[in-house]
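For reference, the structure discussed in these notes is given below.
The values are calculated or read from the model by the stated rules, or taken from the named source; none is laboratory data. These figures come from a predicted structure and were not determined experimentally. So basically every Cβ, Gly included, is an ideal-geometry build from the backbone, and we count neighbours across all protein chains shown. In case anyone asks, the SASA skips ligands and DNA or RNA and just uses the protein heavy atoms, side chains included. Shrake-Rupley method; radii C 1.70, N 1.55, O 1.52, S 1.80 Å.
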Amino acid sequence: MQQVNKDKALVVFSGGQDSTTCLFWAKQNFKEVCAITFTYGQKHINEVEAAERIAKIANVDWEVMDVSFIAHLGRNSLTDTTLEMDQHQPEGGVPNTFVPGRNLFFLSVAAVYAREHGINHIVTGVGETDFSGYPDCRDAFIKSLNVTLNLAMDEQFVVHTPLMWLDKCQTWALADSLGVLDLVRAETLTCYNGISGDGCGHCPACRLRREGLQQYLSTK
């Protein structure tokens, strides 16, 4: 294990709106930033290409890791081509766009990677305000996992969640304050159907993104 560098952060980076905003937030708050992207059998695999492209623009070290076993653990519409995507959150449950264990595995792998590279700051774009009912985006989960990772590896990781209490309008505002609103709008891939920029316009991720952008632009 390398000596811990408290001025360095690892960003869990999908290439979407939220993680890209977090990438540039990290660049503002840490001297050195690197990013890790995961392939997990997602249908919108184009997001990996977007992540690589944005990492080059941001001038950060970037790696991609295959954790495609996640796709075989639970049935969801982001990895199963036979399952029609829920357009709204079902009453009393989570939408089938929820990938069970995704953030649990992502952050666990990221923590091991961080440990081996002497990093104790990990940044992720999850948020509880616009979280679509996903249980692994909640603040309680992140805090609990942070403690577990520290105990599991006898480390002092700090998991940062800059967007935890921001809605999509506020996330766009943050991107603008970081000077990357146009980049986030044009280069990121949030769409569950794999279309960059403003996306397909009708999947749940695109609708949430568009509504937040319209709300933010109306205040300028």
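With +1 on each Lys and Arg Cβ and -1 on each Asp and Glu Cβ, how big is the dipole of the chain about its Cα centre, in debye rounded to the nearest 20?
Working: 18 positive and 26 negative charges, 55 e Å.
Computed about the Cα centre, the dipole is about 260 debye.
Find out how many positive minus negative residues lie around PRO90, taking Lys and Arg as positive, Asp and Glu as negative, among other residues whose Cβ is under 15 Å from that of PRO90.
On the way: positive: ARG75; negative: GLU84, ASP86, GLU91.
Charge balance in the 15 Å sphere: -2.
How high is the FRET efficiency between THR39 and GLU116 when r is their beta carbon distance and R₀ equals 22 Å, given to the nearest 0.05?
On the way: r = 20 Å, r/R0 = 0.90.
For R0 = 22 Å, the calculated efficiency reads 0.65.
Quick one: Karplus J couplings for region 33-45, per residue in order, coefficients 6.51, -1.76, 1.60, θ = phi - 60°, nearest Hz, x for Gly and Pro?
So the Karplus estimates, Gly and Pro as x, are 9, 10, 9, 10, 10, 10, 9, 9, x, 5, 5, 8, 5 Hz.
Please report the carbon-and-sulfur percent of the accessible area for the chain; probe 1.4 Å, protein heavy atoms only, DNA, RNA and ligands left out.
Numbers: 5120 of 10340 Å².
After summing per-atom areas, the C and S share lands at 50 percent.
For region 190-198, just list the computed ³J(HN,Hα) in residue order, Karplus coefficients 6.51, -1.76 and 1.60, θ = phi - 60°, integers in Hz, with x standing in for Gly and Pro.
9, 5, 5, 9, x, 9, 5, x, 6
What does the accessible area of HIS88 come to, in Å² to the nearest 10, when a probe of 1.4 Å is used?
That residue has around 130 Å² of solvent-accessible surface.
Just name one of GLN28, PRO90, LEU149: the one whose Cα is farthest towards the positive end of the charge dipole of the chain (beta-carbon charges, Lys/Arg +1, Asp/Glu -1).
GLN28
Note down the relative contact order for the chain as a percent, whole number, built from C-alpha pairs under 8 angstrom at least six residues apart.
Values: 416 pairs, mean separation 52.0, N = 220.
Dividing the mean separation by the residue count of the chain yields 24 percent.
So if I place +1 on the C-beta of Lys and Arg and -1 on the C-beta of Asp and Glu, and nothing else carries charge, what would the dipole magnitude of region 50-115 be about its Cα centre? I want it in debye, nearest 20.
220 debye
Loop only by DSSP, 15 or fewer other Cβ within 10 Å of the Cβ. Give me the GluC sites (Glu not before Pro) in region 1-95 that pass, ordered by residue number.
Working: sites: GLU32, GLU47, GLU49, GLU52, GLU63, GLU84, GLU91; in loops: GLU84, GLU91.
Those that pass, being in a loop and sparsely packed, are GLU84, GLU91.
Hey, can you grab everything whose amide H is under 5 Å from the amide H of TRP62? Only 5+ residues off in sequence or another chain; H modelled, so Pro and N-termini drop out.
Here the answer is ALA35, since their amide H atoms fall under 5 Å of that of TRP62.
Applying 1/(1 + (r/R0)^6) with R0 = 35 Å to the Cβ-Cβ distance of GLN215 and SER144, what FRET efficiency is obtained, to the nearest 0.05?
Once rounded, the FRET efficiency stands at 0.65.
Please list THR20, THR39 from largest to smallest accessible area, probe radius 1.4 Å, with all protein chains kept in place. Don't jump to the answer; show the numbers that get you there.
On the way: THR20 0, THR39 30 Å².
Reading off the accessible areas and sorting them downward yields THR39, THR20.
Assuming R0 = 25 Å, what is the FRET efficiency of ASP198 and ASN59, from their Cβ-Cβ distance, to the nearest 0.05? Mind showing how you got there, number by number?
Values: r = 26 Å, r/R0 = 1.02.
The calculated FRET efficiency here is 0.45.
For ALA9, which sequence-distant residues (separation of 5 or more, or a different chain) have an amide H within less than 5 Å of its own amide H, given hydrogens modelled in the peptide plane?
Here the answer is GLU32, VAL33, CYS34, since their amide H atoms fall under 5 Å of that of ALA9.
I want the local charge near ASN103. Using Cβ-Cβ distances under 11 Å, sum +1 for each Lys or Arg and -1 for each Asp or Glu among the other residues. Each step should come with its number before you reach the end.
Details: positive: ARG102, ARG138; negative: ASP136.
After counting each charged neighbour, the total is +1.
Would you mind pulling out the separation of the Cα centroids of region 13-84 and region 136-174, in Å?
16 Å
Give the long-range amide H neighbours of VAL158: residues separated by 5 or more places, or on another chain, with amide H under 5 Å away, using H modelled in the peptide plane at 1.01 Å from N.
HIS121, ILE122
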